[in-house]
1. With only Lys, Arg, Asp and Glu charged, each at its Cβ (+1 for the first two, -1 for the last two), find how big the charge dipole of the chain is about the Cα centre; round to the nearest 20 debye.
2. Where does the chain land at 222 nm, in deg cm²/dmol rounded to the nearest 500, when only DSSP H runs of n ≥ 4 count, each adding -39500 (n - 2.57), divided by all residues?
3. When DSSP beta bridges are limited to those with both residues in the chain, what percentage is antiparallel, rounded to the nearest 5?
4. Can you tell me how much longer the chain between Ala66 and His168 gets when fully stretched, taken as 0.36 nm per residue apart minus their C-alpha distance, in nm with one decimal?
5. Between Lys129 and Thr104, what FRET efficiency comes out of the Förster formula 1/(1 + (r/R0)^6) with R0 = 25 Å and r the beta carbon distance, rounded to 0.05?
6. Multiply the residue gap between Asp121 and Glu190 by 0.36 nm, knock off their C-alpha separation, and tell me the result in nm, one decimal place.
7. With an 8 Å cut-off on Cα pairs and a minimum separation of 6 or more residues, tell me the relative contact order of the range 67-112 in percent.
8. In the range 135-212, what % of DSSP beta bridges are antiparallel (nearest 5)?
Amino acid sequence: MGREFVDIFDEWADSYEASVSGEDPEYRDVFEGYESILEAVTKRVSGTIIEFGTGTGNLTAKLIEAGISVIGIEPNTKMRQATAMRFPFMKVLDGDLLQFEAETESIDAFVSTYVFHHLTDSEKGEALKKYAVLLPTNGKVVFADTAFISEDAKQAQIVKERARGFHHVADDLEREYYTTIPILTKLFNEAGFQVQFTQMNDFVWLMDANKF
């Protein structure tokens with residue numbers, strides 16, 4: 001359920017900002033247009049939302065600036081503490097994409113960036129069905145994450161990263177559960193969502209889903 005990757009973020013807690021800002025050349029393409037990605041997620045939601053994987057609070061900040069009520073869900077202790085220190089007035093709860101307590105009767109949307117790939121495809125489908133139960137009609141799921149047009153495209157990207165000497169990125173692509181647009185479309189539809197995909201950079205796609 002994604003918890004197998006929690007400890008990795010103990011290392012990222014101190015270096016994450018350098019990565020998203022482009023200082024780490026190995027992850028520069030992954031986080032290209034990072035601010036635009038955060039803004040694209042933010043402008044598609046309103047009301048009371050649950051943010052999965054708050055990390056150091058970059059998306060959280062955009063959401064709060066937009067007047068959105070945010071409940072943070074973060075499984076990593078160091079990341080959770082970082083967000084709580086940055087936003088002491090908001091709830092930042094221990095949980096993950098599948099196991100969480102909403103602590104509110106009304107949820108208008110679920111959002112995340114660079115998080116959904118921590119679930120297997122089967123778990124992704126399970127999570128989306130859970131969100132559908134908690135959302136009203138026209139409620140939203142807006143995720144931004146690495147995905148690929150096809151499995152062949154994913155394998156080609158891994159080969160490209162190995163050739164560039166970017167073995168950490170290639171290892172990430174092989175270790176975690178990055179999936180394809182056709183599979184994601186099927187999972188969203190089966191859970192009761194109509195979804196649109198917008199490519200944000202060579203890695204990241206914006207998933208904008210409405211419950212019907």
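The values are calculated or read from the model by the stated rules, or taken from the named source; none is laboratory data. All values derive from a computational prediction rather than experimental measurement. Here the Cβ is made from the backbone with ideal geometry for all residues, glycine too, and neighbour counts use every protein chain on show. Keep in mind that these areas ignore ligands, DNA and RNA; they rest on the heavy atoms of the full protein, side chains included. Shrake-Rupley method; radii C 1.70, N 1.55, O 1.52, S 1.80 Å.
1. My answer is approximately 660 debye.
2. Dividing the helical sum by the residues of the chain leaves -12000 deg cm²/dmol.
3. Rounded to the nearest five, the antiparallel share is 45 percent.
4. Net length gain for the segment: 33.3 nm.
5. 0.80
6. Extra length from Asp121 to Glu190 when fully extended: 23.6 nm.
7. Relative contact order, the range 67-112: 38 percent.
8. Percent antiparallel among DSSP bridges in the range 135-212 is about 95.
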